[in-house]
Each structure stands twice: as C-alpha cells, then as structure tokens.
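Colleague: Here's a structure for you.
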Amino acid sequence: MSKRHDAIFEDVLKDMNREAAPAEEDRGATRFLRRSNALADVGEREEKVLRWVDPSHCAMWARHNRAYELLNEDNCRDLIDSIKSQGQQEFPAIVRRLQAPGGVEYEVICGARRHFAVSWLRSHNYPQFRYLVEVRDMTDEEAFRLADVENRDREDISDFERARDYAVALEQYYGGRQKAMAARLEVSEGWLSRYLALARLPEVVIAAYPSIRDIKELHARVLKPLLADPNVAPSILDAARKLAENQVAARAGQGALIDAAHVLVTLKTAASGPKRSRPPEHIFRGDAEAIGVTFRKRGIKVTLEFSEKLSDTALRAAFEAYLTHRAKRKP
C-alpha cells in the first residue's frame, strides 16, 4: 500500500472509534501493538486483539468488493505459498461479528484472498492453519471505505470489480452524489467518474469479454463515446452479442476464449462499419505500351485520372479508347 493510501487507511480507522472493550479476554487471542498508531502527544499506543478462527465460521460481506467465486488455486498461489512458508497468515483480515445461524460468527470486510488461501490449505492436508482476524464494529459505509482503501493499490482485484463496487456504493451510501463520494474516498471526481462509466457498460458488452477480470477502465473510456452515438451503438451491441456467444461456446469446450484485446478491437471496428471498397477501375490506353487513363465509376459519376507527363497523342488515344468502350455499353 502506498504512503498516501496508508494514510487514508489510518484515517478510515479513526472514524471507527466506537468499539467497546470485550467483556472478557478471548482465549487464544493474540494481543499486539498496531503499526503507525503511536499517539505522540500523550505517548500512548493503542492495543488490538486478534483472533485465530476457523475460516468456515466466516462469511464474505455481501458488499465485499472482490468476486470471491473467481478466486482459485492459481490466482491465489502466491498467497498460499507465502502462508505455508511463513507457517501462518501474516496480516489479519478485518471482520465484523455476525449474528447468523449455522456457526457463522464473522463477516469478512477485508481479507477474501486470505480466507480462500487458509481454507484451501485446510482442505489440502494442512488442518493446522487458522484464519487470523481483527474484529471491528463499523457501519456499512465505513466498511466500504476500509475495503476500498485496502484494495485500491492491489493488482489482483480487477478494474471492473472495483467499478461495480463504486456504482452500488454511490447509491447506497452517498445518495447518488458523486462529489460527496469522491470527497469521502479522497479521490478526484474525474477518477471516480471513469470507474463509474466502466460499471455502466451494457451487460452484453461485459459478456463479450472472457472474464470480468479482463475488462479495464481504459476499455470504458474507448467505448463510452461510441455507445453514446445512436448511429453506431446498434452495430457495437450486435458485435458484442456475437462475441458473447463465442465466449459461452468456448467455456463449454468449443474453441478458445477470445482475449480482451481482440474484443476491444472488434467492438471498435463494428463502430466504424465495414471498410468501403474502392470503386472498380479500368485503364484505357491507345496501345499496350502507353501509360493510359484510369477510369473509375461511383454511381452515376465517372472519374478519369492520368499523369501530367502523358503526351497529347497518348491522351487522345486513351480518350478514344474510352469513348469507344462507352459507345459499346449504350443500348
């Protein structure tokens, strides 16, 4: 996390100062001094309590900004290997207590990949690993901002996942006021607007890509003005439908997925329409060795082109040949 985002992270945490001290100390909890939390003016440090829990006792927050269903062994391999090498999870996930049946005690606000990695290890002959969490009391808006700050610099969360999260948050927490949301997130309105444009791409365009992880903010910047043009939008949507059908077939084992770069090129090409073919041409000349005059016809218009270096004799011969050809075509 960059210094700027680390500062934002700390600022978000300051808003969450309503935690009550636990009635009794949790067994197995780990006490630690939180980083960057020294209170210089009074010389104090804030203590937090971490808990090691069974990941099956945790559920993803419904508004979590990462698509948990897209996590797998491959895209979490680095984290799985790191936890296995370290012997434990190094950084805690942030959770809220959850009153729900079925043994689920916590709601994960930040830490979906850590949850997947620990769960995967436990199901693959490493039952000793447990999920390290920090329990916090926070509102949904605070949870949204905390999750956003933690993941904003991460490359393993896609532009579209982030954009989709912003679009929902804009309505749920900020009453559709983009300026207010940008101020709370400490980002520019322009930056936020670009991500909201990505979230608003038509569903058929989203389906044209191999995965939502492949859709970039740049793609929305390219497609937004084209989709806003009523003259070309239908062509783009038709091309997107065909691409989406091919992607569905590829996932069913019929051919290969079409990569994101090719999808974008195809949609842009659909906006420009088919390339216009050059009108048919014919060369008229007085004899086989002459340069001649090039004849082109588009509709009822005729164009004759010739070089300035063509001699008067050769030009007259070429025109005679053209006129003879024209006379033969007349009924």
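Colleague: Please enumerate the residues belonging to the stretch 252-264 that are assigned to a helix (DSSP H, G or I) and surrounded by 12 or more Cβ atoms within 10 Å (Cβ to Cβ).
Modeller: Ala260, His262, Val263, Leu264
Colleague: Okay, next question. Within the stretch 266-278, identify whether any single residue is modelled with pLDDT under 80 and surrounded by 12 or more Cβ atoms within 10 Å (Cβ to Cβ), and answer yes or no.
Modeller: The answer is no; no qualifying residue exists.
Colleague: Can you pull out the residues in the stretch 147-158 that are more than 19 Å from Ser193 (Cβ to Cβ) and either at pLDDT 90 or above or not hydrophobic (A, V, I, L, M, F, W, C) (or both)?
Modeller: Listed by number, the residues that qualify are Glu150, Asn151, Asp153, Arg154, Glu155, Asp156.
Colleague: Which is among the aromatic types (Phe, Trp, Tyr) and farther than 25 Å from Gly111 by Cβ, of Tyr195, Tyr209, Tyr166?
Modeller: Criteria check complete, one pass: Tyr209.
Colleague: If you don't mind, another one. Of these, Leu198, Leu243, Leu226, which one is over 26 Å from Asn75 (Cβ atoms) and touching a residue at least 24 places away in the same chain (Cβ under 8 Å)?
Modeller: Step by step, each of Leu198, Leu243, Leu226 is checked, and only Leu226 is over 26 Å from Asn75 (Cβ atoms) and touching a residue at least 24 places away in the same chain (Cβ under 8 Å).
Colleague: Hey, another quick one. If the requirement is being modelled with pLDDT under 90 and among the acidic types (Asp, Glu), which of these qualifies: Glu90, Glu161, Glu141?
Modeller: Result: Glu161 is the single residue among Glu90, Glu161, Glu141 that is modelled with pLDDT under 90 and among the acidic types (Asp, Glu).
The values are calculated or read from the model by the stated rules, or taken from the named source; none is laboratory data. For clarity, every value in this text was computed on a predicted model and none was experimentally measured. Ideal geometry is used to build each Cβ from the backbone, glycine not excepted, and the neighbour counts take in all protein chains shown.
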